[in-house]
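Comments concern the structure below.
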Amino acid sequence: MKLSNYLGDRPFWRVTLSLALPVAIQNVLTSSFQLVDTMMVSRLGDVTLSAVGMAAQWGWLGFVLIFGLCSGMSVFVSQYWGVKDYKGIRRVLGIGLLGGLAFSMVFLLVALCAPGWVLRLFNKDEAVIAAGCQYLRIVCFSYPAVALTNILSVVLRNTERVKLPMYVSICTTIANAFADYGLIFGKFGLPAMGVRGAALATCISAWLGPVLILVFSAFEKNMLIGPVKELLAFGPKNLKLFFGRATPVILNEFLWALGILVLNIIYSNQGYEYYAGMTIFRTFSDLSFAFFVGLGNACVIMVGKSIGQGKIARGVADATRFSVLTPLAGLLIGGLTILFRRPLISIFATGDSLSQLTLHTALVVTVFCSLEQLLRNIPYVQVVGVFRSGGDTLHGMLYDLGSLWLVGIPAALIAAYVFHAPFLVVVAAAYLGEDLPKALLCLRHFASMRWVMPVTAEGIEGLRKYKEEA
């Protein structure tokens, strides 16, 4: 078989890069929100850095729930886009907007009314809780804005308008950096608010996102602009179809995020200096993960569009190419992260605000997790990029949750509380326990072809012909 069947030919790469790069850049910029916060907050010391990292986990849990909703939307939007069903896309957008705002408001109210309860999930140190509460009471008002930005962006990306979300992210990232610097340290004539300034800066830049998307969309006249009645033109039948496919994805992401929250509680109870080191690693780990988000999004658009049109063979061929590219990319990006680990971590080591234990933890975790990245992103692209674009939202949920809750979390608990193992061993037990069985199960399911489950009439007919020819 030709090498291009596995790695793609020139037309494949042209389309992939045009779709993946803007999304990857957008996610790099989005991740830089946390990077900028972490860099500047790190100057306030280990306690404050650890508190912000723990408080941010509550917002992250809500974000992952929104991501699940957006992934459910992608199943429909990408396939509807393949057959130019514009009313169907706007109907899905309306369902997504109502659901996203409802989810985000629940997390906002809990963070606003009970920030101490949220922080005590992670740590009992009163200094950490006090600093975290200051941050959480303000940053929670960014949650609805983040939900709106992601829901609007998923429609734009799946209708091949990938550059607009990227441009908006450039604007919001620049605004966040200036607001952070000004409000944390009292620059540009602004008050020095410390950790509360970091939270306020995040709120300001987050709300700038949906405002800019809608303003630019009004000029472009893209899929977001249309009659309001089309957003609300859904009935019980539409809701049943949507949530029949989307509910496994939403549950998948929420319960997976809840599992990661449990792991973070285990990590944080090993000591706040260890958790501060983990927070440093995650800031630039999220930047490298942005590439795989771009790759997964390109996979969703290309595979979902082909399957929606009934071009099953082309969709399967593209899915195979993405499945081969993912581990190769993991090897390359993981190697580069290890190579540049010391310069990356030194960004945070300004002055004497961070302990040597925090910096050493960041260093050793970076080496292990970068090596493990070869394995970790295989199931991500399979579940998010291949299975969901094909219409299969159930098997990814079973593999995700089974590997995490039945293997990864028990392995971490045993390592931490039975064997009292070093922090790195606890992290390694969690990562390998989750990722190894999940990667093997996902590759097995991909080979079975049972993930091809169209939602359009054209796709269903195309699958019937594909099976006859096979």
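The values are calculated or read from the model by the stated rules, or taken from the named source; none is laboratory data. On a predicted model such as this, the values are computed, not experimentally measured, just so you know. Note that we place each Cβ from the backbone using ideal geometry, even for glycine, and neighbour counts take in every protein chain shown. With ligands, DNA and RNA removed, areas are computed over all heavy atoms of the protein, side chains included. Shrake-Rupley method; radii C 1.70, N 1.55, O 1.52, S 1.80 Å.
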_Order of exposure, largest accessible area first, which applies to Lys240, Lys438 with probe 1.4 Å_ = Lys240, Lys438
*Using a 1.4 Å probe over the heavy atoms of the protein chains, calculate the carbon and sulfur portion of the accessible area of the chain as a whole percent.*
70 percent
_Dimensions (Å) - the stretch 90-237, Cα atoms, principal axes, largest first_ = 50, 39, 20
*asked:* What does the net charge come to around Val155 if you take all other residues with beta carbon closer than 9 Å to its beta carbon, with K and R at +1 and D and E at -1?
replied: +3
*Do you know the relative contact order of the chain, to the nearest whole percent, from alpha carbon pairs under 8 angstrom that are 6+ apart?*
24 percent
*Would you work out if the stretch 196-309 is rounded, prolate or oblate? Take a ≥ b ≥ c from the square roots of the eigenvalues of the alpha-carbon gyration tensor; rounded if a/c is under 1.5, else prolate when a/b is larger than b/c, oblate otherwise.*
prolate
*Heavy atoms only, probe 1.4 angstrom, no DNA, RNA or ligands counted: give me Lys187, Lys124 ranked by accessible area, highest first.*
Lys124, Lys187
*Using 7 Å Cα-to-Cβ label points, what is the Val324/Val211 separation (nm, one decimal)?*
4.8 nm
*For Arg120 and Leu339, what does the FRET efficiency come to when R0 = 41 Å and r is the distance between their Cβ atoms, rounded to the nearest 0.05?*
0.55
_For a test of the definition: using alpha carbon positions, the gyration tensor, and the 1.5 limit on a/c, classify the stretch 315-470 as rounded, prolate or oblate._
prolate
*Quantify how much of the Cα-Cα distance distribution of the chain extends past 30 Å, in percent.*
44 percent
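Take the Cβ-Cβ distance between Lys229 and Lys465 as r, set R0 to 51 Å, and report the resulting FRET efficiency rounded to the nearest 0.05.
Efficiency, rounded to the nearest 0.05: 0.90.
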*Residues with amide H under 5 Å of Gly391's amide H, sequence separation 5 or more or different chain, H placed in the peptide plane at 1.01 Å from N; which?*
Met453
*Taking the convex hull of Cα positions in the stretch 361-401, its mean projected area over all directions (nm²)*: 3.4 nm²
*Per-pair calculated FRET efficiency, R0 = 25 Å: Glu458 and Ile174 via Cβ, rounded to 0.05*: 0.05
*Under DSSP H, which helices of the chain have Cα atoms covering 27 Å or more of the helix axis and a Kyte-Doolittle average no less than -0.5?*
10-41, 46-82, 86-113, 163-185, 195-220, 236-268, 272-309, 312-339, 356-380, 423-448
*Computed label-point distance, nm, for sites Leu17 and Leu109 using a 7 Å Cα→Cβ extension*: 5.0 nm
*So how much accessible area does Leu398 have, in Å² to the nearest 10, using a 1.4 Å probe?*
100 Å²
*Find me the longest stretch of the chain that has none of the exposed chymotrypsin sites (Phe, Trp or Tyr not before Pro), where exposed means in a DSSP loop (not H, G, I, E or B) with at most 14 other Cβ atoms within 10 Å.*
1-187
*With the other protein chains left in place, how much accessible area per residue, in square angstrom, belongs to the chain at a 1.4 angstrom probe?*
41 Å²
*For the cross-link pairs Lys221/Lys305; Lys163/Lys311; Lys163/Lys305; Lys305/Lys465; Lys84/Lys465; Lys187/Lys221, which exceed 29 Å when the distance is taken from alpha carbon to alpha carbon?*
Lys187/Lys221
*asked:* Full-extension gain between Ala218 and His360, please, as 0.36 nm times their residue separation minus the C-alpha to C-alpha distance.
replied: 46.2 nm
